[in-house]
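Take a look at the structure set out below.
Derivation of every value follows stated rules applied to the coordinates shown; laboratory data play no part. Keep in mind it's a predicted model, so treat the numbers as computed, not measured. Here the Cβ is made from the backbone with ideal geometry for all residues, glycine too, and neighbour counts use every protein chain on show.
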Amino acid sequence: MSLVLNSPLVSVSWLSEHLAEPDLVVLDASWFMPGAERDGEQEWKIKRIPGARYFDFDKKIAQPDSPWPHMLPSEILFATEVAKLGISNSSTIIVYDSQGVFSAPRVWWMFRAMGHSAVAVLDGGLPAWEAAGEAIETGESTLPSPGLFTAALQAKWVIGGDELQLRLADHHTQIFDARPAARFYGLQPEPRAGVRSGHMPQAKSLPSSQLLKDGYFLPVVQIKQRFDALSDPQQQLIFSCGSGVTACILALAAELSGRDNLTVYDGSWTEWGSTYRYPVVS
């Protein structure tokens, strides 16, 4: 591997400098909330960072037939689909989205959960790339040559609802909820039908928006202050949100701040709030 990533976050200047490296793969992971009436793949076809491939974690690279949206797929499905994107185990992957930082961390987390550590998110995303005057590619995209990828699930990165329920009273664990505070406290209804309002017992509210400014992550020292104020450095941190997307913003931010015992609740509030055996408070 010719490229070395020193951080899970890279700048526009770093990507511009390394864009032509043969082992580098750029992924557009743009995704929008239900009801936004926007299509990430269609927008990628219209405008993208040169050479970027579209990573569809919502429908294509997701567990099929799950009652919950865009759940982490099996190792075999993941490996098969990412190989189609020209990705190999030797690839260095940079992920971005069209909103600055929103859905790209989800794909960063998926690769980490599947055992691939050479992956980072573009800070500021496509808006930052455009603002810097960098080149934009449009029109049809050339299909890449298939890669060779083997996935190896890292269980520490992901947790299910039943296991999480057993951990609620564990003082070695802190659960963070990335949803807006109004949803956390049950003051605003959930956007998905049939999902209860409120939050898990023992969870703390840390809206993902509090770790970002203008589509960029806050300075690491400020991010570290947020986590240190709400959790002990030795605790395992478990991240939840509406459907497992913005929880990954928190996971990436926590890694930036030096935390290393990080887990994402994949089903997040869509599963928890819909499963009536799980306790809810407000």
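Please give me, ordered by residue number, the GluC sites (Glu not before Pro) of region 137-210 that lie in loop per DSSP and have at most 11 other Cβ atoms within 10 Å.
For GluC sites (Glu not before Pro) across region 137-210 that sit outside H, G, I, E and B with at most 11 neighbouring Cβ atoms in 10 Å, the list reads Glu140.
For region 56-189, calculate the relative contact order in percent as a whole number, restricting contacts to Cα pairs under 8 Å that are 6 or more residues apart.
The value is 26 percent.
Return one number: the angle in degrees, 0 to 90 and rounded to the nearest 10, between the long axis of the Cα atoms of helix 247-256 and the longest principal axis of the Cα atoms of the chain.
Helix 247-256 sits roughly 70 degrees off the main axis of the chain.
May I ask you to compute the full-extension gain from Ser90 to Asp39, defined as 0.36 nm times their residue separation minus their alpha-carbon distance, rounded to one decimal in nm?
Length gained, Ser90 through Asp39: 15.3 nm.
What angle, in degrees between 0 and 90 and rounded to the nearest 10, separates the Cα long axis of helix 104-113 from the longest principal axis of the Cα atoms of the chain?
Here the helix axis deviates by roughly 80 degrees.
Would you compute, from DSSP H runs of 4+ residues alone, the mean residue ellipticity of the chain at 222 nm, taking -39500 (n - 2.57) per run and dividing by the full residue count, rounded to the nearest 500?
That comes out to -7500 deg cm²/dmol.
What relative contact order, as a whole-number percentage, does the chain give when Cα pairs under 8 Å and 6 or more residues apart are counted?
Reported as a whole number, the value is 21 percent.
At 0.36 nm per residue, minus the direct Cα-Cα distance, what do Leu230 and Gln63 gain on full extension? Give it in nm, one decimal, please.
Extra length from Leu230 to Gln63 when fully extended: 56.8 nm.
Where the Cα atoms of region 1-102 are projected onto their three principal axes, how long is each span, largest first, in whole Å?
Largest to smallest, the principal-axis extents are 41, 30, 23 Å.
Out of Leu153, Leu27, Leu72, any idea which swings most in a Gaussian network model of the chain, alpha carbons joined below 10 Å?
It is Leu153.
Give me a comma-separated list of calculated 3J(HN,Hα) values for region 210-227, in order, Karplus coefficients 6.51, -1.76, 1.60 applied at θ = phi - 60°, integers in Hz, x for any Gly or Pro.
With the stated coefficients, region 210-227 comes to 6, 9, 10, 8, 6, x, 10, 5, 5, x, 4, 4, 6, 4, 4, 4, 4, 5 Hz.
Quick check on the chain: take the gyration tensor over C-alpha atoms, sort the square-rooted eigenvalues as a ≥ b ≥ c, and tell me if it's rounded (a/c under 1.5), prolate or oblate.
It is prolate, given that a/c is not under 1.5 and a/b is the larger ratio.
Give the distance, in whole Å, between the Cα centre of region 164-239 and the Cα centre of region 71-100.
Centre-to-centre (Cα) distance: 26 Å.
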